[in-house]
Each structure stands twice: as C-alpha cells, then as structure tokens.
Amino acid sequence: MDANTIKVLTTLAGNAIHRELAARTALAEAMADMTQGIDPSAIRRVMEAAATALPYRMLMEETGDESEAEVFTRLRKRLTSRVLNSGPSSSSCALTNEAQRLEYAGYRAFLSDTEAFAD
C-alpha cells in the first residue's frame, strides 16, 4: 500500500469521524437546551454518522505491528463476510434494528468507497 493510498484512507477516515463528531455535538447542544424538543432525526443522524465512521475507526485501531495493507485487506474481508451473512434484525426494539441496519449500511459504504484500493 503506497503513501498516497494511506493518505486518501486517512482523509476518508478523518472526514467520517468529523461528521460523526459534528452530529454528536449538534445533538448534545439540542439536548442541553431545555426550551426545545429533541428532533428525532438528530438522533438518526448521529447513528448514521457513527455507523459510517465505524469501519474507519476499526481500520485505525487495528493498525499496529502489521502493515497497513494487511490490516486493510483483513478488515475488508471481515466486513464483506458480515454483510454477506447478515439478515434482518430480529430485535423487538425498533431503535436496535435501525442501528444494526445503519451499521451494515456503513460497512457497505466503506467497502464501496475503498474498492479501488483493494488488491
């Protein structure tokens, strides 16, 4: 994996994590203002941003003694397996089901966005 690829992946990760932080901050500010109600779509935006950032966080956390290419390839294989073997959630909680659906959507987005870098 060349330096340019690492730079692009780092930029993608930074953007995803920044969007997550912005969504969480906006929700926290809305919750702190007792004069207004909490917009349910703000909660969904946080869940969606967190799910999108999750694979990038996983990639950054797993990089250690191994090369970036090995970690990246292993993560893509693991996420592909999760997506292919996933089914509809069976929880009785709609919020849990939506969180799981968004998590798998985040995995699919990561796989799609990083397809060009796969070996």
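Scanning the stretch 52-83 for residues that are among the small types (Gly, Ala, Ser) and at pLDDT below 90, we see that the one that is surrounded by the fewest Cβ atoms within 10 Å (Cβ to Cβ) is Gly64. Taking the criterion of being open to solvent by less than 70 Å² (accessible area, probe 1.4 Å) and either in contact (Cβ under 8 Å) with a residue 60 or more places away in the chain or more than 16 Å from Leu59 (Cα to Cα) (or both), the residues of the stretch 1-19 that qualify are Thr5, Ile6, Val8, Leu9, Leu12.
Taken over the stretch 84-100, the residue count meeting the criterion of being modelled with pLDDT of 90 or more and surrounded by fewer than 16 Cβ atoms within 10 Å (Cβ to Cβ) is 1.
Cβ-Cβ distances below 8 Å connect the following pairs, each with a first residue in the stretch 58-83 that is more than 16 Å from Gln100 (Cα to Cα), a second residue that is modelled with pLDDT of 90 or more and open to solvent by 70 Å² or more (accessible area, probe 1.4 Å), and a separation of six or more residues or different chains: Glu62/Arg74. Return a yes/no flag: does the stretch 109-119 have any residue that is touching a residue at least 60 places away in the same chain (Cβ under 8 Å) and either assigned to a helix (DSSP H, G or I) or open to solvent by 60 Å² or more (accessible area, probe 1.4 Å) (or both). The answer is yes, given that some residue of the stretch 109-119 is touching a residue at least 60 places away in the same chain (Cβ under 8 Å) and either assigned to a helix (DSSP H, G or I) or open to solvent by 60 Å² or more (accessible area, probe 1.4 Å) (or both). Does the stretch 48-63 include one or more residues that are more than 22 Å from Ala118 (Cα to Cα) and not acidic (Asp, Glu)? There is at least one residue in the stretch 48-63 that is more than 22 Å from Ala118 (Cα to Cα) and not acidic (Asp, Glu). Entry remark, the stretch 22-51: residues being open to solvent by 60 Å² or more (accessible area, probe 1.4 Å) and in contact (Cβ under 8 Å) with a residue 12 or more places away in the chain number 5 in total.
The values are calculated or read from the model by the stated rules, or taken from the named source; none is laboratory data. No experiment lies behind these values; they were computed from the predicted model shown. Please note: Cβ atoms are built from the backbone with ideal geometry, for glycine as well, and neighbour counts cover all protein chains shown. With ligands, DNA and RNA removed, areas are computed over all heavy atoms of the protein, side chains included. Shrake-Rupley method; radii C 1.70, N 1.55, O 1.52, S 1.80 Å.
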